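Structure record follows, encoded as C-alpha cells.
The values are calculated or read from the model by the stated rules, or taken from the named source; none is laboratory data. Remember, predicted model here, so these are calculated numbers, not experimental data. Here the Cβ positions follow ideal geometry from the backbone for every residue, glycine too, while neighbour counts run over all protein chains shown. Surface areas here come from the heavy atoms of the whole protein model, side chains and all, with no ligands, DNA or RNA. Shrake-Rupley method; radii C 1.70, N 1.55, O 1.52, S 1.80 Å.
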Amino acid sequence: MASESSVFGSSVVPFRLVFLMWAAFYLEIVIGIPLREFGIVPRTLHGLVGIFVAPLLHGDILHLISNTIPLLFLGVVLFFFYNKIGGAVFFRAYFWTNALVWLFARPANHIGASGVVYSLAFFLIFFGIFRRDFLSLFISVVVIILYGSVFYGVLPTDPRVSWESHFAGALVGIGSAITFSNKKTVS
C-alpha cells in the first residue's frame, strides 16, 4: 500500500501544522500576543475565526506537547499508508471538526488540536474495520493499542477540557472512514 510514499513525504503536512502550533505558542507565551482569544467561541461571529486557528492555540506547554506527539504519529501514518485520501481526511479532521464545535459546543473558548487528533485516531481505527483488508486492520489495532483511551475522551469529564472537540473529531473521523472505505485506491 505504501509503495509510493516515504516517511519524509508523509510527514510534511503534520510537521507544518505542528510548526504553526509551536510558533503560535511562542508568539503568545514568549512575546505576549494574546492569541488564545481567537479560539472557537460557539455560535458567535468572533468565534468563527477559531474554526481556522483554534487548533494552533494551546493553554500551556503540556497541552501543546500532548497534541504534538499524537498529531505527528497519526498524521504520518495517515499520509504514509493512505496518501491518496490523506489530504481530504486531514482537511475534514481540521475544518469539519472545528465547524461542528462552533455549531454545537457549549459556550466557552475552545482551543487546541485535540479535535484533529481525535478525528485522525477515529479515522484510522474505523477505516480498518470498514475496509477489512489486512493492513488497514493492522493499523486499526496498533492505533487502538496506542490511543484506545480516545474512547473515554469523548465524555464530559473535566469542564476545562473541550470534550466537544473530541466528540466532533470522533464523528468526523468515523464519517471519513465510512466515506472513503469503499474507495478502490487509497495509497
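Here are a few things to note about the model shown:
- DSSP-assigned coil residues among chymotrypsin sites (Phe, Trp or Tyr not before Pro) in the stretch 92-123, each with at most 10 further Cβ atoms within 10 Å: none
- Phi-derived couplings, Karplus 6.51 cos²θ - 1.76 cosθ + 1.60 at θ = phi - 60°, listed residue by residue for the stretch 45-54: 4, 4, x, 4, 4, x, 4, 9, 10, 4 Hz, with x used for Gly and Pro.
- When nucleic acids and ligands are ignored and a 1.4 Å probe is applied, VAL49 ends up with an accessible area of around 70 Å².
- Distant-in-sequence amide H partners of HIS110 (H built 1.01 Å from N, under 5 Å): ILE40, VAL41
- Relative contact order of the stretch 28-156, taken over Cα pairs closer than 8 Å and 6 or more residues apart, is 27 percent.
- Plainly put, the stretch 50-111 has a radius of gyration that is 1.01 times its Kirkwood radius, both from alpha-carbon atoms, as the Rg/Rh ratio.
- Rh (Kirkwood; distinct C-alpha pairs) - the stretch 1-84, Å: 14.0 Å
- Carbon plus sulfur fraction of accessible area for the chain, probe 1.4 Å, in percent: 73 percent
- Taking GLU164, GLU37 and ordering them by how much accessible surface each has at a 1.4 Å probe, largest first, produces GLU37, GLU164.
- With a 1.4 Å probe rolled over the protein heavy atoms of all chains, the accessible area of ARG131, ARG160, ARG106 falls in the order ARG160, ARG106, ARG131, largest first.
- Per residue value of the accessible surface for the chain (all protein chains in place, 1.4 Å probe), Å²: 50 Å²
- The stretch 135-184: translational diffusion in µm²/s, Stokes-Einstein, Kirkwood Rh over Cα pairs, 4 °C, 1.567 mPa s: 106 µm²/s
- Karplus (6.51, -1.76, 1.60) ³J(HN,Hα), θ = phi - 60°, over the stretch 7-15, in Hz, Gly and Pro reported as x: 4, 4, x, 6, 8, 4, 5, x, 5
- If you look at the Cα atoms of the chain, you get an Rg and a Dmax of 16.0, 49 Å.
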